[in-house]
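Asker: Here's a structure for you.
The values are calculated or read from the model by the stated rules, or taken from the named source; none is laboratory data. Quantities reported herein were computed from a predicted structural model and do not represent experimental measurements. FYI the Cβ positions are ideal-geometry reconstructions off the backbone, even for glycines, and counts take in every protein chain you see. Side chains included, ligands, DNA and RNA excluded: accessible areas come from the protein's heavy atoms. Shrake-Rupley method; radii C 1.70, N 1.55, O 1.52, S 1.80 Å.
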Amino acid sequence: IPVDGSIQEGDSTIDESMISGEPIPVDKKKGDKVSSGTINGNKTFVMLAEKVGSETLLSHIIEMVNSASRSKAPIQKLADKISGYFVPIVVGISIITFIIWAINGGEHAYMYALVNAIAVLIIACPCALGLATPMAVMVGVGKGAQSGVLIKNAESLQKMSTINVVIIDKTGTVTEGKPSVEKVVSVTSGFSEEDILQKIISLNSSSEHPLAQATMRYGEEKNIKVLPVLAFEAVTGKGVTGMLQDKKLALGNEKLMVEVKADISPELKKQVETEQKLGKTVSYMSEGNIAIGFVVISDKIKESSKEAIHILQKEGLQVIMFTGDNEETARTVSEALNLDGYKAQMLPEDKLNEIKRLQAEGKKVAMAGDGINDAPALAQADIGIAMGTGTDVAIESAGITLVKGDLKGIAKARLLSHKVMRNIKENLFFALDYNTLGIPIAAGVLYLLFGIMLSRLIAALALSFSSVSAITNSLRCRNVILMK
């Protein structure tokens, strides 16, 4: 759909996952609003263009991403701060050393002054200080890539260790992001679940609806044979009907059952209502004038999501879910995963504003998502974490990408961040301890005590040793064991 507007004639099924993040397509009829960038199903309609160009919802999302990206302050590297003080101090000490030796050096005063001043500069040269951060970051980023965690820059790696709130999207992040059959239920003794599934996939074999495709995939997994269906008809907003072996079949919602005059038993209706209260999509299956069962379609929670969330919570992080889905589905998923909170029916702008509110409270926020609708929030968060299985714009807006779309990657990234930051601090120690201890020796303290003058070769060796220590310590990050 090219621009924002409203339907004037006709109806269709629209895939709005780009905007809402939800995989279940939405039925649209005359008078309903449609948005640019969403995908029309297999029907035609006439729409009135109401917003074009920069006025469209898609353009607003892009602008929000750009605005959030521009608002980020550049990180102040610890090594830069140390260098800012260390280098002038060393140069000052070198000058003072020259002056003292020039005054008190006796017959060869200026020679001793020059040798010791140069020795101070050599032994205190902060080469290792320049290696301390980039070496550790380079090794850490490489280790992350091996574990399926792609880190865009050093800023993202450093900030990850300071996070205390993790915001997760539902669809495609916590869940698989596509409709799938959860179960097929029979309520009539004359039909097995396999019989009902065969009737469902035989009917849906002529349908192009995304929910129909989900049942077809399920049928293939179960090796169910598709039977030929005659007089197939798609009833807009209700379901599908057809003839199978001279018997009238209908698959759809309660309105369709009323239309085909199929009787729904109280037991069946109660079971369906229970599933619907959990936010799942349910279609009745009828043969003749009796509803014989139903199929439950949902967006399945990834197997690794619960474990990943538990790991993050054990580390003291608050995990909250933001979703564009309805309240009941959001609550069900939240309870299943034992989340610290959730917010439902959120638009891209709502997610962005909520993250700004958390940041105003002093929280360090990481946002994990996979869709265009998540991009503004990913850009605004202190750390944006994109699912590698998601959209390009989400990946571009994020500082970290989880290649496999597995939430355990967040725990991996946090562990790696802690290890690298500790490694950097150790490197800074190695970069400074030899230099700091060596400065008084280079300045001539040993000569005053024992009559020994420090050779410039030994000063250079001490300088090299600090660099080698920082490099060797950085390479230890390759041996960090991230969780499986």
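Asker: At what distance in nm do the modelled label points of residue 225 and residue 465 sit from each other, each positioned 7 Å from its Cα along Cα→Cβ?
Answerer: Once both label points are built, they end up 8.2 nm from each other.
Asker: At 1.4 Å probe size, what's the solvent-accessible area of residue 108? Round to the nearest 10 Å².
Answerer: Estimated to the nearest 10 Å², residue 108 gives 90 Å².
Asker: Students often forget the sequence filter, so: which aspartates and glutamates lie under 13 Å Cα-Cα from residue 29 once same-chain residues fewer than 8 apart are removed?
Answerer: Partners within reach: 9, 11.
Asker: Give me the one-decimal nm value for the distance between modelled label points at residue 95 and residue 27, 7 Å along each residue's Cα-to-Cβ direction.
Answerer: Label-label distance for residue 95 and residue 27, simple model: 8.3 nm.
Asker: Past the 21 Å Cα-Cα mark, which pairs from 302/412; 343/363; 43/280; 356/408; 159/300? All intermediate terms of the calculation are to be shown ahead of the outcome.
Answerer: On the way: 302/412 17 Å; 343/363 17 Å; 43/280 25 Å; 356/408 25 Å; 159/300 31 Å.
From 302/412; 343/363; 43/280; 356/408; 159/300, over 21 Å: 43/280; 356/408; 159/300.
Asker: Give me the log10 of I(q) over I(0) for region 158-236 at q = 0.14, 0.16, 0.17, 0.22 Å⁻¹, as the Debye formula computes it from C-alpha points; what are the numbers?
Answerer: -0.59, -0.70, -0.76, -1.08
Asker: Using a 10 Å cut-off on Cβ atoms, rank the peptides 43-49, 208-214, 323-329 from the highest mean neighbour count down.
Answerer: The densest-packed peptide leads the list: 323-329, 208-214, 43-49.
Asker: Next question, about the same structure. Please report, to two decimal places, log10 I(q)/I(0) for region 222-358 at q = 0.19 Å⁻¹ as given by the Debye formula with identical point scatterers on the Cα atoms and no solvent.
Answerer: Calculated log10 I(q)/I(0) at the listed q: -1.07.
Asker: Which percent of the accessible heavy-atom area of the chain goes to carbon and sulfur, probe 1.4 angstrom?
Answerer: Heavy-atom surface of the chain belonging to carbon and sulfur, 1.4 Å probe: 57 percent.
Asker: Same structure again: Arrange the residues 433, 246, 263 by how much accessible surface each exposes, largest first, with a 1.4 angstrom probe.
Answerer: 246, 263, 433
Asker: Starting from the Kirkwood Rh over alpha-carbon pairs, what translational D in µm² s⁻¹ does region 279-380 have by Stokes-Einstein at 20 °C and 1.002 mPa s?
Answerer: Reported coefficient: 136 µm²/s.
Asker: While we're on this one: When the Cα atoms of region 133-178 are enclosed in a convex hull and the volume is divided per residue, what value in Å³ results? Each step should come with its number before you reach the end.
Answerer: On the way: hull volume 4.2 nm³, N = 46.
Convex hull volume per residue, Cα atoms: 91 Å³.
Asker: Where a ≥ b ≥ c are the square roots of the eigenvalues of the C-alpha gyration tensor, would you call region 219-277 rounded, which needs a/c under 1.5, or, failing that, prolate if a/b is larger than b/c, or oblate?
Answerer: Since a/c reaches 1.5 but b/c is at least a/b, the shape of region 219-277 is classed as oblate.
Asker: Mind computing the radius of gyration and Dmax over the alpha-carbon atoms of region 392-433? Å is fine for both.
Answerer: 14.7, 45
Asker: Over the alpha carbons of region 253-308, what is the largest minus smallest coordinate on each principal axis, giving the biggest first in Å?
Answerer: 48, 16, 16
Asker: Okay, moving on. Only bridges with both residues in the chain count here: give the DSSP antiparallel percent, nearest 5.
Answerer: 70
Asker: Treating region 135-267 as a set of equal point scatterers at the Cα positions, no solvent, please give the Debye-formula log₁₀ I(q)/I(0) at q = 0.10, 0.17, 0.20 Å⁻¹.
Answerer: -0.54, -0.95, -1.25
Asker: Please state the equivalent ellipsoid semi-axes for region 323-424: what are the square roots of 5 times the Cα gyration tensor eigenvalues, largest first, in whole Å?
Answerer: 23, 16, 16
Asker: With a 1.4 Å probe and every protein chain left in place, tell me how much accessible area residue 32 has, in Å² to the nearest 10.
Answerer: We get 40 Å² for residue 32.
Asker: Still on this structure, please answer the following. Could you calculate the contour length gain from residue 327 to residue 289, that is, 0.36 nm times the residue separation minus the distance between their Cα atoms, to one decimal place in nm?
Answerer: Extending this stretch completely gives an extra 10.3 nm.
Asker: Work out how far the C-alpha atoms of the chain reach from end to end along every principal axis, then list the three figures in whole Å, largest first.
Answerer: 119, 48, 36
Asker: Between residue 138 and residue 356, what is the label-point separation in nm under the 7 Å Cα-to-beta-carbon projection?
Answerer: In this crude spin-label approximation the distance works out to 4.0 nm.
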